[in-house]
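The values are calculated or read from the model by the stated rules, or taken from the named source; none is laboratory data. Remember, predicted model here, so these are calculated numbers, not experimental data. Heads up, the Cβs are rebuilt from the backbone with ideal geometry, glycines too, and the neighbour counts pull from every protein chain shown. Side chains included, ligands, DNA and RNA excluded: accessible areas come from the protein's heavy atoms. Shrake-Rupley method; radii C 1.70, N 1.55, O 1.52, S 1.80 Å.
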Amino acid sequence: MTASPDSKMKILLAAKKMFAEQGFDATSVRQICEEAGVNLALVSYHFGGKENVFYAIFEQFFPLEKLDMLEQETLDPVQGLRLVVTQTLLFFDQEPELHRIMEREFSGLSPRAEKLTRFTFPVWHKVRAILEEGRRKELFQFDSLDYALLLVLSALIFPKKRSFLYRLNTEGPYPIDQIIHFTWQFVYGGLRAK
């Protein structure tokens, strides 16, 4: 079998779209290949099966290099947290399908959710370390590190989450730069930052 160089990427893009729309379990390999316009056998050839396609999507599109950039920067906790807020919200805006897949997997506690923590937990551990350092340096004031972390993560995840609560909105929709600004104001104010 000869596979075109872009058949692998076509499969990944089609699977990302289908998994976001229908979920992993409701999406068949046949549907992915039809969407991609490739031969059914190419999923096995490139990936060895549907579950491997799923993880390959995260390998390809999840921006772990951004975390490396954060590690290399010498930022104070306020700057570091602002960078994480900005980059996380930009990522969700630029990769809505990946964000939707993550929502589906984590909210349903799928069998794949644990493996996805390999991608998300380094970011969340970095947020925790930034909060801890900010409190130690008296730049942030909060009682519980665990709850501060959960509330910051909720502020990052919720703005792009599709929810019936959006029926309560009377303003917007907002462009991503406004969403980043509002989220940062809320997080920074909530930490009673000096």
*Give the residue that is nearest to Glu138 (Cα to Cα), with candidates limited to residues of the stretch 176-194 that are open to solvent by less than 70 Å² (accessible area, probe 1.4 Å) and not in a helix (DSSP H, G or I).*
Ala193
*Look through the stretch 113-155, keep the residues that are of a type in the set (D, E, K, R) and outside any helix (DSSP H, G or I), and return whichever of them is nearest to the chain's Cα centre (by Cα).*
Asp143
_Any residue that is open to solvent by less than 50 Å² (accessible area, probe 1.4 Å) and at pLDDT below 85 - is there at least one of those in the stretch 136-159?_
yes
*Considering only residues of the stretch 160-175 that are exposed (fewer than 14 other Cβ atoms within 10 Å of the Cβ) and part of a helix (DSSP H, G or I), which is modelled with the highest pLDDT?*
Leu168
*Which ones in the stretch 113-132 are open to solvent by less than 20 Å² (accessible area, probe 1.4 Å) and more than 17 Å from Pro63 (Cβ to Cβ)?*
Ala113, Ile130, Leu131
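Residue by residue, here is whether (1) more than 20 Å from the chain's Cα centre (by Cα); (2) in a helix (DSSP H, G or I); (3) surrounded by fewer than 16 Cβ atoms within 10 Å (Cβ to Cβ); (4) at pLDDT 90 or above holds:
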position: Ala26; (1), (2), (3), (4): yes, no, yes, yes
position: Arg30; (1), (2), (3), (4): yes, yes, yes, yes
position: Glu34; (1), (2), (3), (4): yes, yes, yes, yes
position: Val38; (1), (2), (3), (4): yes, no, no, yes
position: Ser44; (1), (2), (3), (4): yes, yes, yes, yes
position: Tyr55; (1), (2), (3), (4): no, yes, yes, yes
position: Leu75; (1), (2), (3), (4): yes, no, yes, no
position: Val85; (1), (2), (3), (4): no, yes, no, yes
position: Glu97; (1), (2), (3), (4): no, yes, no, yes
_Just to check your reading of the model, which residue among Leu64, Leu90 is at pLDDT 90 or above and under 12 Å from the mean Cα position of the chain (by Cα)?_
Leu90
*Is there any pair linking a residue in the stretch 32-60 that is over 26 Å from Arg118 (Cα atoms) to one that is among the β-branched types (Val, Ile, Thr) and open to solvent by less than 30 Å² (accessible area, probe 1.4 Å), with Cβ under 8 Å and at least six apart or on different chains, and which?*
Cys33/Ile11; Cys33/Val43; Ala36/Ile11; Val38/Ile11; Leu42/Ile11
*asked:* Of all residues being surrounded by 15 or more Cβ atoms within 10 Å (Cβ to Cβ) and assigned to a loop (DSSP other than H, G, I, E, B) in the stretch 101-112, which is modelled with the lowest pLDDT? Just the residue, please.
replied: Ser110
